[in-house]
Amino acid sequence: MKIYNSLTRKKEELSSKDNTVKMYTCGPTVYYFPHIGNMRAYIFMDLLRKSLKYCGYKIEGVMNITDVGHLVSDSDEGEDKMEIAAKRENKDPYEIAKFYTDCFIKDTSRLNIELPEHIAKATEHIGEMIDFIKKLEEKGYTYIIDDGVYFDVQKFKGYGQLSGKDLSTVGESRIDENSQKHHPFDFALWKFVPENHIMKWNSPWGVGCPGWHIECSAMGEKYLGNSIDIHTGGIDHKPIHHENEIAQNDAKEGKRVVKNWMHVEFLQVDGGKMSKSLGNLYTLDDLIKKGYSPLDFRYMNLLTHYRKALNFTFESLASSASALKSLRNLVLEHKGAPNKTKEEVLKSYEDQFVAAISDDLNIPLALGVLWKMLKSEEKSNDIFLLAKKFDSVFSLDLEKETKADEIPEEILNLANQRKIARENKDYAKSDEIRNLISSKGYTILDTKEGFEIKKI
Ligand code: AMP
Ligand code: ZN
């Protein structure tokens, strides 16, 4: 497989030891509902993992959950996003983290995103981060000032290789007069925090919390060691977060730790930035409320290469929804038809599919191969089977229509509520829920095991 490496700015052949790809993905900061831009980043991760698997690689993947240490600004200023959310919602930051982590996991599952093998929470790896900083300190890469322990970028020779930043031309990020930092690009490894901070830990340097960048370096090392094949994340992380991760990793190990960096471009709305203040920041639930399914949005993501901005509009979402419906119908027309396709024809489609996904994850082209195959070949079950195989990457539930009698989540929730009411001997409530279920077109039968639901 060839992938574009943001570090060398070239497409390169992926090489990995024992055919196992060690992959690290920057995960969410769990202080608010994930938006559809965030989900683009994880759909990309998922397509990459599934394409690698299709091509015969095994994967050892890690994704962090940032539940501490991500400040409002990437450059160590402002408050911790978790503490702000805790104040906003009058909750403990750990409750905030739990709630929004669950929201994130729910969205990934609705989008058919397979989570990496290891999901690592920052708050559960503080010891590893402290050990990492100690090693950097031993090697002379750190210094301490009033508000924390900092990484000294001028001591690390390779700083700026990912972003192209030059230490001698600091431009707008000139150091402000009151700062004790040695260079504007220096960044916090450990921040001292005031007494009223809820998330804080003891360390050899004083009570505080870790910087955001150290989290990914320390957890990457713990699960993947000091040689990582691919590191993914959104394009916004390239200039600061990932540049700093490289500095930490490579300074500590004295060699390049991450071989390939892959960055997904942003999702935009109506051709511009998506933001809360513009009122155009959407979550997956917002799309569902408008009648779309999560997989309509996933389909839309397959149409744009990950290194191009994806322009989200409701018109394009509507056309994705209708395209997905036609695609599923077309797939089902092939299902069960007598096998007619020649071996070499099937092979040629699979070769085209593999060539597309192996060329820096050209998913739009691979989707085109699927459409071409379904449309131009005679109805035949072997085409159906190959389409299903391709769907191990696309994950669009292409057989969906066959599950017509699947019980919707809403009905299952009601049935569970009714079960609880019955257990509490609240028969009035249980009857009320039964009526509600039947008004929605389903009947419920009580069985020894619990209940059985049928479509009327
Ligand atoms: P955060 O929780 O802010 O760290 O973001 C989680 C992931 O979503 C990161 O990989 C970001 O780079 C990515 N991301 C944030 N906004 C967008 C967007 N509009 N389009 C694509 N990816 C995004
Ligand atoms: Zn990260």
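The values are calculated or read from the model by the stated rules, or taken from the named source; none is laboratory data. Being a predicted model, the structure only gives us computed values, none of them experimental. We place every Cβ from the backbone using ideal geometry, glycine too, and count neighbours over all the protein chains shown.
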For the range 188-220 the number of residues that are surrounded by fewer than 24 Cβ atoms within 10 Å (Cβ to Cβ) and either on the phi > 0 side of the Ramachandran plot or of a type outside the set (Val, Ile, Thr) (or both) is 15
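Would you check which residues across the range 185-234 are part of a loop (DSSP other than H, G, I, E, B) and within 21 Å of Lys157 (Cα to Cα) and list them?
Applying the first criterion (part of a loop (DSSP other than H, G, I, E, B)) to the range 185-234 yields 185-186, 193-200, 202-207, 211, 225-227.
Once the filter is applied, which keeps residues that are part of a loop (DSSP other than H, G, I, E, B) and within 21 Å of Lys157 (Cα to Cα), the range 185-234 yields Phe185, Asp186, Asn226, Ser227.
Quick one: would you say Leu346 is outside the structural domain of Lys50 (by TED's automatic domain parsing), closer than 20 Å to Asn381 by Cβ, touching a helix residue (DSSP H, G or I) at 6+ places or on another chain (Cβ under 9 Å) and surrounded by 14 or more Cβ atoms within 10 Å (Cβ to Cβ)?
Details: outside the structural domain of Lys50 (by TED's automatic domain parsing): yes; closer than 20 Å to Asn381 by Cβ: yes; touching a helix residue (DSSP H, G or I) at 6+ places or on another chain (Cβ under 9 Å): yes; surrounded by 14 or more Cβ atoms within 10 Å (Cβ to Cβ): yes.
Against the criterion (outside the structural domain of Lys50 (by TED's automatic domain parsing), closer than 20 Å to Asn381 by Cβ, touching a helix residue (DSSP H, G or I) at 6+ places or on another chain (Cβ under 9 Å) and surrounded by 14 or more Cβ atoms within 10 Å (Cβ to Cβ)), Leu346 qualifies.
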If we ask which residues in the range 418-456 are surrounded by 16 or more Cβ atoms within 10 Å (Cβ to Cβ) and out of contact with any strand residue (DSSP E or B) (no Cβ under 9 Å at 6 or more places or on another chain), their number turns out to be 2
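What number of residues in the range 13-30 are of a type in the set (Lys, Arg) and out of contact with any helix residue (DSSP H, G or I) (no Cβ under 9 Å at 6 or more places or on another chain)?
Just the residues of the range 13-30 that are of a type in the set (Lys, Arg), to begin with: 17, 22.
Checking which are out of contact with any helix residue (DSSP H, G or I) (no Cβ under 9 Å at 6 or more places or on another chain) leaves us with 17.
The qualifying residues number 1.
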Within the range 116-160, residues within 30 Å of Lys50 (Cβ to Cβ) and over 22 Å from the mean Cα position of the chain (by Cα) come out as Glu128
Taking the range 24-35 and keeping only residues that are of a type in the set (A, V, I, L, M, F, W, C) and near ligand 1 (Cβ under 8 Å from one of its atoms), one is left with Cys26, Val30
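When the residues of the range 203-212 are filtered to those that are touching a residue at least 40 places away in the same chain (Cβ under 8 Å), touching a Phe, Trp or Tyr at 6+ places or on another chain (Cβ under 7 Å) and not hydroxyl-bearing (Ser, Thr, Tyr), which remaining residue is farthest from ligand 2 (Cβ to nearest atom)?
Pass one, the range 203-212, residues touching a residue at least 40 places away in the same chain (Cβ under 8 Å): 203-205, 208-212.
Checking the rest, the ones that are also touching a Phe, Trp or Tyr at 6+ places or on another chain (Cβ under 7 Å) come to 203, 205, 208-211.
Then drop every residue that is not not hydroxyl-bearing (Ser, Thr, Tyr), which leaves 205, 208-211.
Values: Trp205: 22, Gly208: 19, Cys209: 16, Pro210: 12, Gly211: 11 Å.
The qualifying residue farthest from ligand 2 (Cβ to nearest atom) is Trp205.
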| query | In the range 270-281, is there at least one residue being at pLDDT 95 or above and either of a type outside the set (Gly, Ala, Ser) or in the same structural domain as Leu52 (by TED's automatic domain parsing) (or both)? | reply | no
When (1) over 25 Å from Leu167 (Cβ atoms); (2) within 16 Å of ligand 1 (Cβ to nearest atom); (3) in contact (Cβ under 8 Å) with a residue 24 or more places away in the chain are applied to Asp229, the one that fails is (2)
